[in-house]
Amino acid sequence: IGHLLGTDPVGRDMLSRLIYGAQVSLIIAFTAPILSLLLGVTLGICAGYFRGKVDATIGILVDSILAFPNIIAIIAILYFLGPTLLNMILVLGFFGMVADLRVARANTILYSEREFVLTARALGASNIRIMIMELLPNVIIPVLALAIIGMSRVIVIEGILSFLGVGLPPPEPTWGKMISEGYVEMASSPHITFLPAAAMFFTILSFNLIGDRLRTLT
């Protein structure tokens, strides 16, 4: 009585845990992609604008990130640094910047030879001013659409980490940890697993639909 969605094996209300778990999952979902966007756009614009050695150096960084399975690297880093909220945001933000970087670099190369950039350069504008005032407004729009889709990816990775026991430590609730805790009670109490899984599914679906819509508008 009084528990709309039931309780978990130790008697905690599932609805309240879903709500508190949503707070943690959404904090990570919003902050990590923003960090990825900042890193990716900054490095992508620098690579696409300066080309040459700058582009090659940043390319080596991207290839190094892609050369090693990200989920294993994230688990190893969190194991040594500790699975705190800040560490998780920083690690997910760093490894998630590759897609943003590539899109920003490609669009920078596309726009760097346009008339408005050449005009700004002819008028004596500095490289920093050209990158911020001329290139950034054109580069940021497609990257924003990608960042929104990246929010769903971050939620999935956080769920995987929590399921594997590398997520945030107790008593902090997350959807992934709730799924992991309910896994052993699947036969007798399937709602413990399916409720957070359903919340994660609909949240990820919403982010993907918003991102796809924004991408079509750009």
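Ignoring GluC sites (Glu not before Pro) that are buried or in helix or strand per DSSP, and keeping those with at most 14 other beta carbon atoms within 10 Å, what is the longest stretch of the chain between them?
So the longest stretch without any such site is 1-112.
What is the sum of charges, Lys and Arg at +1 and Asp and Glu at -1, for the other residues whose Cβ falls under 12 Å from the Cβ of Pro142?
Residues close to Pro142 contribute a combined charge of +2.
Say R0 is 30 Å: what FRET efficiency, to the nearest 0.05, do Arg121 and Leu61 get from their beta-carbon distance?
0.65
In degrees from 0 to 90, rounded to the nearest 10, what is the angle of the helix 136-163 Cα long axis to the longest principal axis of the chain?
30
Just to confirm the number: angle between the C-alpha axis of helix 70-81 and the first principal axis of the chain, 0 to 90 degrees, nearest 10?
For helix 70-81, the angle is close to 70 degrees.
With 25 Å as the cut-off, how large is the P(r) tail for the range 48-186, expressed as percent of Cα-Cα pairs?
Details: 4225 of 9591 pairs.
In whole percent, the long-distance tail amounts to 44.
By how many nm would the segment from Ile34 to Arg12 grow when fully extended, if each residue of separation counts as 0.36 nm and the alpha-carbon distance is taken off? Write down the numbers at each step before the final one.
Working: separation 22, 0.36 × 22 = 7.92 nm, distance 3.32 nm.
Using 0.36 nm per residue and subtracting the Cα-Cα distance, I get 4.6 nm.
To the nearest 0.05, how large is the calculated FRET efficiency for Thr216 and Phe80 if R₀ is 30 Å and r is the Cβ-Cβ distance?
Calculated value: 0.10.
Determine the calculated [θ] at 222 nm for the chain from helices alone, applying -39500 (n - 2.57) to every DSSP H run no shorter than 4 residues and normalising by the residue count; nearest 500 deg cm²/dmol.
Result for the chain: -25500 deg cm²/dmol, rounded to the nearest 500.
Report the local net charge at Leu101: Lys and Arg +1, Asp and Glu -1, summed over other residues whose C-beta lies under 12 Å from its C-beta.
-1
Helix 191-217 versus the longest principal axis of the chain: what angle, 0 to 90°, nearest 10, using Cα atoms?
Helix 191-217 sits roughly 20 degrees off the main axis of the chain.
Coordinate-derived values only; no laboratory data. Note that this is a predicted model, so its numbers are computed, not measured. All Cβ positions, glycine included, derive from the backbone under ideal geometry; neighbour counts span all protein chains shown.
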